[in-house]
Amino acid sequence: MKVTIRQAETADRATIAAASRATWEEHRARQPYSFPENGWDMLLARDHEIAFRDAKGQPVAVSENLYVAEAGTQIVGFILLSWHLRADAPPYHKGAVSDIWVHEDWRGKGIAKELVATAKELADAEDWDELTAQVWEGAPSARLFEEAGFQRRSTIWRYGPDRPARPLEPASETPDRGTDSWWRWAVLAVILACFAVIMISQQ
């Protein structure tokens, strides 16, 4: 069956999200010390959400940085690229593969190669200085990127216990300035000092 590559649509989101989460769990099974249990919700979920929004945060029906491989009516793979690939995003000279997946029944059939080839074509069209991809130890995608002409740039060495990674904590919110009275007095003091200087200079 012929496989086609197209831009992802809103109707594809649930399938793509489920596949992405499953890939995260595969990584966790290999390296539980590097992939927190809630990591997908805290990190990748946002990237997948942004893929269906414009620069102003409004929903879009068709993504400009998320592409799917489709066989008939079945999604058999996808690739998520940097959000600034979108036409309304500020221009930027670098890009990255944020997420990639191929259905287990369709692996070894060249689908991942086609998805990466699409990413390379987009990078060339955007005149990016580079397109990067992070590959974790044990992931089968290392050979994929090497064969696609990517060059190894760095290796991260890890030391630490092999226990499951701790869950990610939500980012702390900015303190409510309305509850801190000290800063109001500081601002008032500065205003009064400026006013005094102006009055003295006019005398």
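Please treat every number below as a calculation from the coordinates, not as lab data. Predicted model, so just to flag it, every value in this text is computed and none were measured. Cβ coordinates were reconstructed from backbone atoms using ideal geometry, including for glycine residues, and neighbour counts include every protein chain displayed.
Miscellaneous remarks
- Whichever aspartates and glutamates have a C-alpha closer than 13 Å to that of Lys94, once near sequence neighbours (fewer than 8 apart) are set aside: Asp124, Glu126, Asp127, Asp129, Glu130
- Note on Glu121 and Ala142: their simple-model spin labels are 3.0 nm apart, each label 7 Å out from Cα toward Cβ.
- Whether the range 3-169 is rounded, prolate or oblate, judged on the alpha carbon gyration tensor where a/c under 1.5 counts as rounded: rounded
- Within the straight-line cut-off of under 23 Å between alpha carbons, the lysines reachable from Lys2 are Lys109, Lys113, Lys120, sequence neighbours fewer than 8 places apart in one chain being disregarded.
- Taking Tyr67, Tyr33 and counting other C-beta atoms within 10 Å, the order from fewest to most: Tyr33, Tyr67
- The mean sequence distance of close C-alpha pairs (under 8 Å, at least 6 residues apart), as a share of the length of the range 1-148, puts its relative contact order at 23 percent.
- Net charge over other residues, Cβ less than 12 angstrom from the Cβ of Ala51 (K, R count +1; D, E count -1): -3
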